[in-house]
Amino acid sequence: MPCLSLQSPLGPMTLTEIDGTVTSLEWRWSKTQEETGLLTLVRDQLTDYFDGRLTDFSLPLAPLGTAFQHRVWLALCDIPYGEVRSYGEIAKGLKTGPRAVGAACARNPLPVLIPCHRIVAANGALTGYTGADGLASKEFLLNLEGVKTH
């Protein structure tokens, strides 16, 4: 499976492709690199996102997860750039509990591309993020999108 790494404002990221779809974004640098058309497109879109020139990704994503996790991840993709939702709001729409939504967010294999950083606590507080620097990464992404976090 081809992998391509890039340097981002949040540190190194490695993208993985399987069968013409993006399956993971990991917070590390891969020793092996294989530049494919799709991985180059993802790298370019991420670069444009971090430079403030892109607000919506247009990519074939295929994260590995359970049916429930996929429902949560699809709901996350519906949150517009520059906006946030609470775990409870997402949970209500999916007829589940906020903790279950949080657990699915923690297992998101495509952070940034599937915007789990746009989920906050009911009171607006930043909670949990699997990014390179945890909550600092989440805050960076939200600030990049114009969301005030202080």
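The values are calculated or read from the model by the stated rules, or taken from the named source; none is laboratory data. Please read all numbers here as calculations on a predicted model, not as lab measurements. Methodologically, a virtual Cβ is constructed for each residue, glycine included, from the backbone with ideal geometry; neighbour enumeration extends over all protein chains shown. Each accessible area value is taken on the protein alone, full model and side chains, heavy atoms only, with ligands, DNA and RNA left out. Shrake-Rupley method; radii C 1.70, N 1.55, O 1.52, S 1.80 Å.
Where both partners of a DSSP beta bridge lie in the chain, what percent of those bridges are antiparallel, to the nearest 5?
Values: 11 of 15 bridges.
In the chain, approximately 75 percent of DSSP beta bridges are antiparallel ones.
For the chain, list the cysteines whose Cβ sits under 4.7 Å from no other cysteine Cβ?
Among the cysteines of the chain, those whose Cβ sits 4.7 Å or more from every other are 3, 77.
Please compute the modelled spin-label separation between residue 149 and residue 18, points set 7 Å along Cα→Cβ, answer in nm with one decimal.
3.0 nm
Could you state the accessible area per residue of the chain in Å², with a 1.4 Å probe and every protein chain left in place?
50 Å²
Given H placed on each backbone N at 1.01 Å, which residues far from residue 112 in sequence or on other chains put an amide H within less than 5 Å of it?
So residue 112 has HN proximity to 117.
Carbon and sulfur atoms: what percent of the 1.4 Å accessible area of the chain do they account for?
54 percent
Farthest toward the dipole's positive end in the chain, which of 69, 132, 15, given Cβ charges of +1 (Lys, Arg) and -1 (Asp, Glu) about the Cα centre?
So the residue we want is 69.
What residue among 55, 112, 100 has its Cα farthest toward the positive end of the dipole of the range 13-150, where the charges are +1 on Lys, Arg and -1 on Asp, Glu, each on the Cβ?
100
Which residues among the range 4-20 fall inside the zone where the amide N is under 12 Å from a point 7 Å beyond the Cα of residue 41, along Cα→Cβ?
Taking a point 7 Å out along Cα→Cβ of residue 41, the residues of the range 4-20 whose backbone N falls under 12 Å are 20.
Which value, in debye to the nearest 20, gives the size of the charge dipole of the chain about its Cα centre, when Lys and Arg are +1 and Asp and Glu are -1 at the Cβ?
Using only the charged Cβ atoms, the result is roughly 660 debye.
Take the alpha carbon atoms of the range 7-150, find their radius of gyration, then divide it by 2.2 N^0.38 Å using N residues; give the quotient.
1.01
Go ahead and estimate [θ] at 222 nm for the chain from helices alone: -39,500 (n - 2.57) per DSSP H run with n ≥ 4, summed, over the residue count, rounded to 500.
Helix-only estimate at 222 nm: -10500 deg cm²/dmol.
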